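Every number in this text was worked out from the coordinates using simple rules, so none of it is lab data. This structure is a prediction, so every number in the text was calculated from the model and none was measured. Virtual Cβ from ideal backbone geometry, glycine too; neighbours counted across all protein chains shown.
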Amino acid sequence: MTAELVLTAGNANLPLAQEIASSLGTRLVQAEVSQFSDGEVFVQVNENVRGADVFVIQPTCPPVNHNLMELLIMVDALRRASAFRITAVIPYYGYGRQDRKVQPRVPISAKLVADLIAAAGTHRVLTMDLHAGQIQGFFNIPVDHLFAAPVLLEYFQQRLAEGAWQDLVVVAPDAGGVERARAFAKRLGTSLAIMDKRRTGANEAKIMHVIGDVRERDVILLDDIIDTAGTIVQAVSALKEEGARRVLASCTHAVLSGQAVARLERSVIEEVVITNTIPLREDQQSKKITVMSVAPLLAEAIHRIHTETSVSSLFV
């Protein structure tokens, strides 16, 4: 790739964008991303990007609709500024949970958002831990799908080596997370258990059974997203009833909406290990929460995409 590597970002997660830029030994191109008094998004790229290989770092995290519009308008501005290639770096893909029709007359919003991102002028997408892997197929442009597992595994392996936990078992909070939890357990050299979860409505679920042996063992509840924390708290209660000794939780995307942090604080969960794909607000801070950075992983993927080298070794 002979085009210049250019990084820019919206307002969704500037600390992560700056950390990625630092890892790559570069800086963010200056862009004004603001809004008019009526809420309309305004974008102006303040530097020349003609012929550049541009990476726009913008997770579509809460406020989801606003951050999505920022991303679309930034991509349009870069396209009209004659960027050679535009890659949308979306560490957290909002609307990813609406990936299929589960009831009559409902949308598949994950597909609609994919179409919007491509229609805006995006040439490529780099994302992390999609809620459903098949969302990659919703795009008609290339998608590089990274996993945060190496970052989280490094932390847990270090803590295991220190003797922090014993007789560890990884628990999938629902059937959809079994593959993720199985791979995680294999890398940690531990066993696997599964929660039987029934979804009763939006942001509502009920834990029915624990499949596997957790008695007198330390447990890691592993998920891709913690939103309201209702499922996690229910799972903790079910695990404790089955005799689990200590319970930890881990996820890639900490949405933490509503009373999520308060629920985690009140629960017997000892620690919640997350990544920084979504920035924590001041009211989301908790002594129970440990944040791991995915910036080096994303920076390496950006470097490989720019240099047209293999990214597949990062898909673990």
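Partners of Lys111 within straight-line reach, counting lysines whose Cα lies under 28 Å from its Cα and excluding those fewer than 8 residues away in the same chain: Lys101, Lys197, Lys206. Overall shape: oblate for the range 53-93, with the ratio a/c of the largest to smallest alpha carbon gyration tensor axis at 1.5 or above and b/c at least equal to a/b. Relative to the longest principal axis of the Cα atoms of the chain, helix 14-23 runs at roughly 80 degrees.
If the segment from Lys240 to Ala81 were pulled out straight at 0.36 nm per residue, it would be longer than the present Cα-Cα gap by 51.5 nm. Magnitude of the Cβ-charge dipole of the range 1-151, K/R +1 and D/E -1, about the Cα centre, nearest 20 debye? With Lys and Arg at +1 and Asp and Glu at -1, about 480 debye. With a simple spin-label model that places each label point 7 Å from the Cα along the Cα-to-Cβ direction, the separation between His209 and Arg266 comes to 2.9 nm.
Free of any trypsin sites (Lys or Arg not before Pro) that DSSP assigns to a loop and that have at most 14 other C-beta atoms within 10 Å, the longest stretch within the chain is 106-214. Between Ser312 and Ile141, the distance separating the two model label sites (each 7 Å from Cα on the Cα→Cβ line) works out to 2.4 nm. Divide by every residue of the chain the summed helix terms, -39500 (n - 2.57) for each DSSP H run of at least 4, and state the resulting mean residue ellipticity at 222 nm, rounded to the nearest 500 deg cm²/dmol. Mean residue ellipticity, 222 nm, calculated: -9000 deg cm²/dmol. In the set (i) 1.31; (ii) 1.03; (iii) 0.92, which value of Cα Rg over 2.2 N^0.38 Å was calculated from the structure you see? The listed entry that was calculated here is (ii). Here the range 240-260 is scanned for amide nitrogen atoms under 20 Å from the site 7 Å beyond the Cα of Leu280 along Cα-to-Cβ, giving 247-260. What shape does the range 250-290 take by its C-alpha gyration tensor, where a ≥ b ≥ c are the square roots of the eigenvalues and a/c under 1.5 counts as rounded, a/b above b/c as prolate, and the rest as oblate? Cα axes put the range 250-290 in the oblate bin. The alpha carbon centroids of the range 222-261 and the range 114-132 are separated by 28 Å. Using only Cα atoms, tell me the angle between helix 64-80 and the longest principal axis of the chain; keep it within 0 to 90° and round to the nearest 10. Approximately 30 degrees, to the nearest 10.
Give the shape of the range 83-216 as rounded, prolate or oblate, defined through the alpha-carbon gyration tensor: a ≥ b ≥ c are the square roots of its eigenvalues, a/c under 1.5 means rounded, and otherwise the shape is prolate if a/b is larger than b/c and oblate if not.
Working: a/c = 3.52, a/b = 1.48, b/c = 2.38.
Cα axes put the range 83-216 in the oblate bin.
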